[in-house]
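The values are calculated or read from the model by the stated rules, or taken from the named source; none is laboratory data. Not measured: the values here are computed from a predicted model. No Cβ is skipped: glycine too gets one built from the backbone with ideal geometry, and neighbour counts run over all protein chains shown. We work out accessible area using only protein heavy atoms, side chains counted, and drop any ligands, DNA or RNA first. Shrake-Rupley method; radii C 1.70, N 1.55, O 1.52, S 1.80 Å.
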Amino acid sequence: MTLDVDLLTTEIGVIWRLDGHGRLPGPEDLVMGVAADGMTAAVAHDVPGALAARLLDLVARGVPSPPGQPPEVLEQCRALLGETTVSGGPCYVIPPPPLPFDAPPATVLRSDDRAHAERVRRLRPSSWARDEWDDLLDGRDGAPWAMVVADDQVAAVCHTARLTPAGAEAGVWTAPAFRGRGLAATTTAAWAGLLPGTRLFYSTSADNHSSQRVAARLGLRSIGWLWKLTR
């Protein structure tokens, strides 16, 4: 069985697309993954080598903390980096589909059907830039995806926020008028079916309780927390 700390290591690589030296592109100076069975970390490319080595050594020897509670080593890392902001949130692994959950009645549109892409082209939500929307629908950045349309508008989207040979990270958006109806879970489950054989991840922030409810509705397994330190 794969250790949860190893899954967090993989997810860090997927989300941040680490360089050839295992370094973060920024803006975060340090990303720390805390699982029940260990800790992992990556440091930004512009952190000096000696400091980076010290930070990684501290994390490697650190003691994991309960979910949502910063590990003691986090404050040690902050002291070395200087003034930083700290943010974090839970991470989950998405099991192979089909995902068992009580799905609301909804017609799901998928990126593997060209007609579906053309159906939603004129329905671009205001939160998406036009070029981003076109990239998504034309199979570039953000694809594959799944959507639900209701009342002639896009109600929910699950797209591919990150994709590497090691795995994919889900990106979920729901229109305010349609939140709390289970549509985010519906699109996420459909999205998972578009990436067979791929390790799938889902993460969110500590204060995004709606997103955490999506994970709970789908029965996703928590693998730990990611803590981010940014100067």
**Complete:** In the stretch 204-231, anything touching a helix residue (DSSP H, G or I) at 6+ places or on another chain (Cβ under 7 Å) and under 25 Å from ALA103 (Cα atoms) is listed as THR204, VAL214, ARG217, LEU218, ILE223
**Restricting the stretch 175-191 to residues that are touching a residue at least 24 places away in the same chain (Cβ under 8 Å) and of a type outside the set (A, V, I, L, M, F, W, C), the residue that is nearest to ASP19 (Cα to Cα)** = THR188
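Every residue, every condition in (1) farther than 29 Å from LEU7 by Cα; (2) buried (at least 17 other Cβ atoms within 10 Å of the Cβ); (3) of a type in the set (S, T, N, Q); (4) at pLDDT 95 or above, yes or no:
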{"position": "VAL120", "(1), (2), (3), (4)": "yes, yes, no, yes"}
{"position": "LEU137", "(1), (2), (3), (4)": "yes, yes, no, yes"}
{"position": "GLY167", "(1), (2), (3), (4)": "no, yes, no, yes"}
{"position": "TRP173", "(1), (2), (3), (4)": "no, no, no, yes"}
{"position": "ALA192", "(1), (2), (3), (4)": "no, yes, no, yes"}
{"position": "SER211", "(1), (2), (3), (4)": "no, yes, yes, yes"}
{"position": "VAL214", "(1), (2), (3), (4)": "no, yes, no, yes"}
{"position": "LEU226", "(1), (2), (3), (4)": "no, yes, no, yes"}
**Fill in**
Of the residues in the stretch 105-127, those that are in contact (Cβ under 8 Å) with a residue 40 or more places away in the chain and under 26 Å from THR198 (Cα atoms) number 7
**Request:** Return the residue satisfying two criteria in turn: it lies in the stretch 144-156 and is closer than 19 Å to VAL93 by Cα and out of contact with any Cys (no Cβ under 6 Å at 6 or more places or on another chain), and of such residues it is least open to solvent (accessible area, probe 1.4 Å).
**Result:** TRP145
**Complete:** Exception for ASP102 within (1) open to solvent by 60 Å² or more (accessible area, probe 1.4 Å); (2) more than 23 Å from GLN212 (Cα to Cα); (3) in a loop (DSSP other than H, G, I, E, B) falls at (2)
**Message:** What's the number of the only condition in (1) surrounded by fewer than 18 Cβ atoms within 10 Å (Cβ to Cβ); (2) within 20 Å of ALA184 (Cβ to Cβ); (3) among the polar types (S, T, N, Q) that GLN69 fails to meet?
**Reply:** (2)
**Complete:** Of the residues in the stretch 28-55, those that are open to solvent by 20 Å² or more (accessible area, probe 1.4 Å), of a type in the set (A, V, I, L, M, F, W, C) and out of contact with any Asp or Glu (no Cβ under 7 Å at 6 or more places or on another chain) come to MET39, ALA41, ALA50, LEU51, ALA53
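Got a number for residues in the stretch 122-135 being of a type in the set (Ser, Thr, Tyr) and open to solvent by less than 100 Å² (accessible area, probe 1.4 Å)? Quick ask: steps written out before the conclusion?
Going through the stretch 122-135, the residues of a type in the set (Ser, Thr, Tyr) turn out to be 126-127.
Narrowing further to those that are open to solvent by less than 100 Å² (accessible area, probe 1.4 Å): 127.
Residues flagged as of a type in the set (Ser, Thr, Tyr) and open to solvent by less than 100 Å² (accessible area, probe 1.4 Å) within the stretch 122-135 amount to 1.
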**Item:** Qualifying residue in the stretch 105-115 (condition: surrounded by 13 or more Cβ atoms within 10 Å (Cβ to Cβ), out of contact with any His (no Cβ under 6 Å at 6 or more places or on another chain) and farther than 27 Å from LEU220 by Cα)
**Value:** no
**Complete:** Sole miss for GLY182 among (1) on the phi > 0 side of the Ramachandran plot; (2) touching a Gly at 6+ places or on another chain (Cβ under 8 Å) is condition (2)
